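The values are calculated or read from the model by the stated rules, or taken from the named source; none is laboratory data. Note that the structure is a prediction, hence the values are computed from the model and not measured. For neighbour counting, all protein chains shown are included, and Cβ atoms are generated from backbone atoms with ideal geometry for every residue, glycine included. In case anyone asks, the SASA skips ligands and DNA or RNA and just uses the protein heavy atoms, side chains included. Shrake-Rupley method; radii C 1.70, N 1.55, O 1.52, S 1.80 Å.
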Amino acid sequence: MTELITAGEPMGLFIAQTPGPLAQVNQFECRLAGADLNVAIGVARLQHTVQFITQIGQDVFGQKILNLLKREQIATTNVYQTTEWSTGMMLKGMATNGQPEVDYYRKASAAAHLSPQQVTQVDFERVKILHLGGILAGLSEAGYQTTLQLIKLARQHQVLITFDPNLRPTIWESTEQMIQRTNEIARLCDVIMPNIKEAQTLTGMAEVSQIAEFYLQTPSVQQVIINLIDDGAYSCQRHRDGTVTTTQLPTFKVEHLVDKVGAGDGFVAGVLTAMLENLSVSQSLQRGLALEAIQMQHRGDNEGLPTPTSLEKFLQQAQ
């Protein structure tokens, strides 16, 4: 049985081994990245069953991704391989302030050619959550249609649908298209999980209460969870009786900030695993913020994501 299904683009990752602009760096370390891949790893490490849907090239990075998924015990039933297109990749600089320079090579990747027809046979029986990000939809028309198809299939099986906009302006045809299509997808989901900057871009509103109201006006949306980045996290949830409750928690103090890339994915993974365990909203935000803080202390995009033991140790030390 798979508890959670997610879909997206995994990529090869080259991390600079010396500081300075990427154009001047000559030494890189090879790892793997991708927002939805990071989420899948985070959920699996906390001992939940995960299936990852994607398309990769029959190349070195594709093989590395398959090896990683198997090592993390993530189901690969719907990981497709192609000789026609290559696996996407990215470069990441050495961060001096937690925000490294990044450069993507993904527009015509294998994942960008994942089609709605390929996902029609995905088994949603007994799946609890379909988690989607906005990157697949932005990569191509095929990715956008595949996202809509997955939502349709999940709805047919009454699966909870969560959505992280994961705005990447460079992969969309225009800012207008990014906002229009991302909001279209968001309004088809049950739980929307943007960070505050993304939420402000998508709604044109500044305050979290206004942002929550913007989305909760849509009948299908039950909850808006906003990662406030440096200021913790906020949730606004509409219940079946029409009442609304809000929850806000502060962030954890990060003693040794290394790299913020992937931290937001850690937050999402923490919230999703808490949902799978039927924890309270407050506990869900706390776990998300904990994974975010842990990941910030590592250079890779997913290497720091914790096991239950290391998560418990962090929480005890943070008290």
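Which of rounded, prolate, oblate describes the chain, given a ≥ b ≥ c as roots of the alpha-carbon gyration tensor eigenvalues and a/c under 1.5 marking rounded, otherwise prolate only if a/b is larger than b/c? Since a/c stays below 1.5, the shape of the chain is classed as rounded. Take every DSSP beta bridge whose two residues both sit in the chain; close to 45 percent of them are antiparallel. Ligands, DNA and RNA left out, the 1.4 Å accessible surface of the chain is 47% carbon and sulfur atoms. Most mobile of 243, 49, 182 per a Gaussian network model of the chain (Cα springs, under 10 Å)? In the Gaussian network model the winner is 243. Magnitude of the charge dipole for the chain, about its Cα centre and with charges confined to Cβ atoms of Lys, Arg (+1) and Asp, Glu (-1), is about 380 debye. Sorting the segments 151-157, 175-181 by their residues' average number of neighbouring beta-carbon atoms within 10 angstrom, most packed first, yields 151-157, 175-181.
For a straight C-alpha distance cut-off of 24 angstrom, the lysines reachable from residue 313 (same-chain residues fewer than eight places away being disregarded) are 253, 260.
Once the C-beta distance of residue 84 and residue 29 is scaled by a Förster radius of 25 Å, the resulting FRET efficiency is 0.30 to the nearest 0.05. With a Förster radius of 51 Å, plug the Cβ-Cβ distance of residue 97 and residue 245 into 1/(1 + (r/R0)^6) and report the FRET value to the nearest 0.05. Efficiency, rounded to the nearest 0.05: 0.90.
What you get for the stretch 1-146, charging only the Cβ of Lys and Arg (+1) and of Asp and Glu (-1), is a dipole of about 280 debye around the Cα centre. Listed by chain and number, the lysines placed with their C-alpha closer than 27 angstrom to that of residue 152 are 107, 128; residues fewer than eight positions away on the same chain are left out.
Listed peptides 28-41, 247-260, 136-149, 195-208 appear in the order 28-41, 136-149, 195-208, 247-260 once ranked by packing, highest mean of other Cβ atoms within 10 Å at the front. Residues whose amide H falls under 5 Å from that of residue 80, counting only those 5 or more places apart or on a different chain, are 54, 55, 56, with hydrogens built in the peptide plane. Charges were assigned to the Cβ only: +1 to each Lys and Arg, -1 to each Asp and Glu. The resulting dipole of the stretch 73-134 about its Cα centre is roughly 120 debye. Model label sites at residue 257 and residue 156, defined 7 Å from Cα along the beta-carbon direction, differ in position by 4.7 nm.
At a 10 angstrom cut-off on C-beta neighbours, averaged per residue, how do the peptides 299-310, 230-241 rank from highest to lowest?
Packing order, densest peptide first, comes out as 299-310, 230-241.
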